[in-house]
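**Student:** Quick one: structure below, then a few questions.
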Amino acid sequence: MRKTLSLIVLAIVGVLAVVHFSTSALLSEETTRHDSRPVPEFSGISAWLNSPPLTMEGLRGKVVLVQFWTYSCINCLRTLPYVTRWHEQYKDKGLVVVGVHTPEFAFEKERANVETAIKRLGIHYPVAQDNQYRTWRAFGNQYWPATYLIDRSGAIVATQFGEGGYQQMESVIARLVGDRAPIAPTRDPDLSAVATPEMYLGSEKNDGAIVETQGAGRGEWSYALPDDVPPNRFALYGTWNVTDDRATSSADGDEIVLRFNAPKVNLVAGSLSPQTLSVIVDGTPLPPVTVDGSRLYSLYSGAGGEHVLRLKAKAGLSAYSFTFG
């Protein structure tokens with residue numbers, strides 16, 4: 001989850017249930033929120049995909065699930081199998097799922113990129129492009145992903161921030177559409193093995209992720225690798241142009257070295273033209289990764305614990321963030 005929070009609040013038929021969940025072993029803040037208020041309208045939507053324009057007023061009488069997401073967010077991507085299943089299972093019983101795509105990075109504002117993503121991800125429900133964050137602000141939202149469940153009268157009756165709580169949310173959906181509660185239990189994914197937080201390579205959100213001997217300020221810099229990369233840090237090698245939201249390689253052979261503790265590593269990246277990255281983990285070469293388009297790419301999936309990843313790039317690679325799972 002892109003902002004720390006670890007709860008789900010469900011309020012339905014006057015009964016409040018608070019269920020705590022954790023998106024990873026790193027979460028420590030717990031906030032309780034009872035969200036039962038009139039639903040805001042969709043505002044400032046730049047494009048509707050998979051659907052003509054929708055309004056909350058026009059959806060009155062339906063059960064509506066609104067999920068704020070963005071296509072390069074690993075936390076959002078892990079929720080999609082559940083959300084798409086709910087769409088398929090309950091769409092004929094009165095549920096309307098609306099994905100509000102609110103971008104984190106500039107490339108996520110491009111309609112063609114979002115269209116490609118929803119096709120690749122198998123999303124068939126309506127998606128609203130909230131490029132100006134106007135619907136995000138109308139809901140008072142702060143999180144990727146965030147789910148708001150709205151009853152037939154147009155009131156928000158359940159909210160879920162971050163991953164997890166799928167069984168509880170589906171139970172409320174089923175109740176609202178007049179269906180029986182799900183028989184098969186849905187278990188939340190176990191992310192307890194993830195001990196490294198998300199890392200940004202741009203100057204705006206670097207937050208000390210780069211090694212102390214290397215600067216994280218804006219500009220084009222020549223980097224030399226340190227003797228050692230501490231846990232949960234990365235280092236750059238070669239010439240990189242650092243801007244607010246990314247670091248872009250300036251020459252073939254530029255590298256990133258990352259020490260992490262997790263079973264999976266992903267990189268949000270793009271490139272001026274398609275290029276193949278060399279990936280080495282703990283000294284062992286892995287299958288190369290081809291970057292073609294700006295999105296999230298899987299670099300490593302294997303044993304948990306601490307590892308060292310070495311990524312060799314060509315000129316024009318833009319690296320935005322590392323995420324873990």
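The values are calculated or read from the model by the stated rules, or taken from the named source; none is laboratory data. Since we're looking at a predicted model, the values are computed, not measured. Here the Cβ positions follow ideal geometry from the backbone for every residue, glycine too, while neighbour counts run over all protein chains shown. To get the accessible areas, we keep the full protein, side chains included, count just its heavy atoms, and leave off ligands, DNA and RNA. Shrake-Rupley method; radii C 1.70, N 1.55, O 1.52, S 1.80 Å.
**Student:** How many of the residues making up segment 170-186 are open to solvent by less than 10 Å² (accessible area, probe 1.4 Å) and touching a Leu at 6+ places or on another chain (Cβ under 7 Å)?
**Tutor:** Quick first cut of segment 170-186, residues open to solvent by less than 10 Å² (accessible area, probe 1.4 Å) only: 170, 172-174.
Filter once more, so that each one left must be touching a Leu at 6+ places or on another chain (Cβ under 7 Å): 172-173.
Number satisfying all stated conditions: 2.
**Student:** Could you tell me whether any residue of segment 174-195 is part of a loop (DSSP other than H, G, I, E, B), acidic (Asp, Glu) and under 24 Å from Asn266 (Cα atoms)? Don't jump to the end; show me each part of the working.
**Tutor:** Taking segment 174-195 as the starting set, the residues that turn out to be part of a loop (DSSP other than H, G, I, E, B) are 177-195.
When the remaining residues are screened for being acidic (Asp, Glu), the result is 179, 188, 190.
Remaining after also requiring under 24 Å from Asn266 (Cα atoms): 188, 190.
Checked against the condition, which is being part of a loop (DSSP other than H, G, I, E, B), acidic (Asp, Glu) and under 24 Å from Asn266 (Cα atoms), segment 174-195 yields at least one hit.
**Student:** Scan segment 176-195 for residues that are modelled with pLDDT of 95 or more and either of a type outside the set (A, V, I, L, M, F, W, C) or within 27 Å of Asn261 (Cβ to Cβ) (or both) and jot them down.
**Tutor:** Ala193, Val194, Ala195
**Student:** Might you check whether a residue that is in contact (Cβ under 8 Å) with a residue 12 or more places away in the chain, in a helix (DSSP H, G or I) and out of contact with any Phe, Trp or Tyr (no Cβ under 9 Å at 6 or more places or on another chain) occurs anywhere in segment 77-85? So that I can check it myself, show each step before the final result.
**Tutor:** Within segment 77-85, the first condition is being in contact (Cβ under 8 Å) with a residue 12 or more places away in the chain, and the residues that meet it are 77-80, 82-84.
Those still in the list that are in a helix (DSSP H, G or I) too: 77-80, 82-84.
Applying the additional criterion that residues be out of contact with any Phe, Trp or Tyr (no Cβ under 9 Å at 6 or more places or on another chain) yields 78.
Yes, segment 77-85 contains a residue that is in contact (Cβ under 8 Å) with a residue 12 or more places away in the chain, in a helix (DSSP H, G or I) and out of contact with any Phe, Trp or Tyr (no Cβ under 9 Å at 6 or more places or on another chain).
**Student:** Hey, another quick one. Residues that are farther than 24 Å from Val268 by Cα, surrounded by fewer than 21 Cβ atoms within 10 Å (Cβ to Cβ) and modelled with pLDDT of 95 or more: does segment 239-246 have at least one?
**Tutor:** At the first step, the residues of segment 239-246 found to be farther than 24 Å from Val268 by Cα are none.
For segment 239-246, residues farther than 24 Å from Val268 by Cα, surrounded by fewer than 21 Cβ atoms within 10 Å (Cβ to Cβ) and modelled with pLDDT of 95 or more: absent.
**Student:** Any idea which residue in segment 295-319 is farthest from the chain's Cα centre (by Cα), counting only those that are buried (at least 23 other Cβ atoms within 10 Å of the Cβ) and more than 14 Å from Leu258 (Cβ to Cβ)?
**Tutor:** Filtering segment 295-319 for residues that are buried (at least 23 other Cβ atoms within 10 Å of the Cβ) and more than 14 Å from Leu258 (Cβ to Cβ), the one farthest from the chain's Cα centre (by Cα) comes out as Leu317.
**Student:** Write out, first by first residue and then by second, each pair whose Cβ atoms fall under 8 Å of each other, whose residues are 6+ apart or on separate chains, and whose first residue, in segment 262-284, is part of a loop (DSSP other than H, G, I, E, B) while the second is open to solvent by 70 Å² or more (accessible area, probe 1.4 Å).
**Tutor:** From residues that are part of a loop (DSSP other than H, G, I, E, B), the pairs are Pro263/Ser301; Pro274/Thr290; Pro274/Asp292.
**Student:** Has segment 153-169 got any residue that is open to solvent by 40 Å² or more (accessible area, probe 1.4 Å), in contact (Cβ under 8 Å) with a residue 40 or more places away in the chain, closer than 17 Å to Glu41 by Cβ and of a type outside the set (Lys, Arg)? Reasoning before the result, please.
**Tutor:** From segment 153-169, those open to solvent by 40 Å² or more (accessible area, probe 1.4 Å) are 153, 167-168; that's our starting set.
Then keep just the ones that are in contact (Cβ under 8 Å) with a residue 40 or more places away in the chain; that gives 153, 168.
Filter once more, keeping what is closer than 17 Å to Glu41 by Cβ: 153.
If we keep only those that are of a type outside the set (Lys, Arg) too, we end up with 153.
Scanning segment 153-169, I find at least one residue that is open to solvent by 40 Å² or more (accessible area, probe 1.4 Å), in contact (Cβ under 8 Å) with a residue 40 or more places away in the chain, closer than 17 Å to Glu41 by Cβ and of a type outside the set (Lys, Arg), so the answer is yes.
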